[in-house]
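A.B. asks: Input: one structure, supplied below.
The values are calculated or read from the model by the stated rules, or taken from the named source; none is laboratory data. Predicted model, so just to flag it, every value in this text is computed and none were measured. Cβ: placed from backbone, ideal geometry, glycine included. Neighbour counts: every protein chain shown. Please note that ligands, DNA and RNA were not included when accessible areas were found on the heavy atoms of the full protein model with its side chains. Shrake-Rupley method; radii C 1.70, N 1.55, O 1.52, S 1.80 Å.
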Amino acid sequence: MSDPQSPSAPQRPHIHAAAHAGAKAASNCPICGRPTEPATRPFCSKRCADIDLSRWLGGVYRIEGPESPGNPGGSDPDDGL
């Protein structure tokens, strides 16, 4: 019978810093790669946050979705406004 405190008992693996390498990569600014600042997270500065916003507003970033079906009547209901 084996004593659970004995050195030959299986041990749980310890989590090392290398296991958190992905978490560190996520703390870098997605625009320039510098470390993030708490006030502007996930960016390093207001400048990088503004660059990201400009890319969204300019249509550089898009979230693809299903095509919306066209109006069956063939005309846009907003055309008469």
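A.B. asks: Answer yes if at least one residue in the range 19-34 is of a type outside the set (Asp, Glu), within 19 Å of Tyr61 (Cβ to Cβ) and modelled with pLDDT under 90, and no otherwise.
C.D. replies: yes
A.B. asks: Give me the residue from the range 34-64 that is part of a helix (DSSP H, G or I) and of a type in the set (A, V, I, L, M) and, out of that set, most open to solvent (accessible area, probe 1.4 Å).
C.D. replies: It comes out as Leu57.
A.B. asks: Related question: Test each condition in (1) at pLDDT 55 or above; (2) over 25 Å from the mean Cα position of the chain (by Cα); (3) open to solvent by less than 60 Å² (accessible area, probe 1.4 Å) for Pro72 and report the one that comes out false.
C.D. replies: It is condition (3) that Pro72 fails.
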